[in-house]
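Colleague: Sending over a structure as structure tokens; questions will come in a sec.
The values are calculated or read from the model by the stated rules, or taken from the named source; none is laboratory data. It should be emphasised that the depicted structure is a prediction, and the values quoted were computed from it without experimental measurement. Positions of Cβ are generated from backbone atoms using ideal geometry, with glycine treated the same way; all protein chains shown enter the neighbour counts. Only protein heavy atoms, including side chains, enter the accessible area calculation; ligands, DNA and RNA are left aside. Shrake-Rupley method; radii C 1.70, N 1.55, O 1.52, S 1.80 Å.
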Amino acid sequence: PCARLPDPGAVIVTPTLKVTVTADHHGLVVVESPAKVLRLPATERQSFTPRTLAALLAGRLPGLRPPGAVRSRRLEDPEVPVLSPAEVAFLDQFLAGLDARREAAERELDLLAELRDVTMSGLLDGTLTFTDPPSVQARR
């Protein structure tokens with residue numbers, strides 16, 4: 001068996017019951033079969049960026065195997081719209097902003113979970129106590 005890291009900007013499609021499509025911006029993702037790696041040549045970057053192609057494919061591939069189907073759909077089957085270079089640039093920037101906001105929300109959720117865990121661990125092992133806690137009405 002041989003292995004090769006995808007090039008930066010590759011789009012990875014994982015054809016399971018629920019298809020996942022991601023853009024590997026750094027070329028550091030290890031891809032295992034049956035996943036597919038789509039490489040965008042530099043000449044096609046005005047038609048699609050990795051981020052826009054991944055988003056367009058994700059919208060067209062909700063599942064490779066429709067209910068009751070014996071065979072799964074092929075990755076080559078979906079059609080995606082061809083956008084103008086200006087639309088591609090706008091969509092890429094919009095999706096990048098959404099990705100940044102999602103990543104920030106995920107970091108905050110991770111920090112909240114860690115704060116909860118540390119608080120509960122401290123209370124349970126006696127290393128954390130409340131000095132003069134505010135009175136709180138009991139919930140019913």
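Colleague: Ignoring ligands, DNA and RNA, what percent of the accessible area of the stretch 93-140 is carbon or sulfur (1.4 Å)?
Modeller: Numbers: 2700 of 4790 Å².
Its accessible area is 56 percent carbon and sulfur atoms.
Colleague: Also, I was wondering about something else. Can you give me the accessible area per residue for the stretch 85-140, using a 1.4 Å probe, in Å²?
Modeller: So the stretch 85-140 comes to 95 Å² accessible per residue, rounded to a whole number.
Colleague: Let me ask something else. Testing the spin-label approximation: label points 7 Å from Cα along Cα→Cβ at GLN137 and LYS36. State their distance in nm.
Modeller: 6.0 nm
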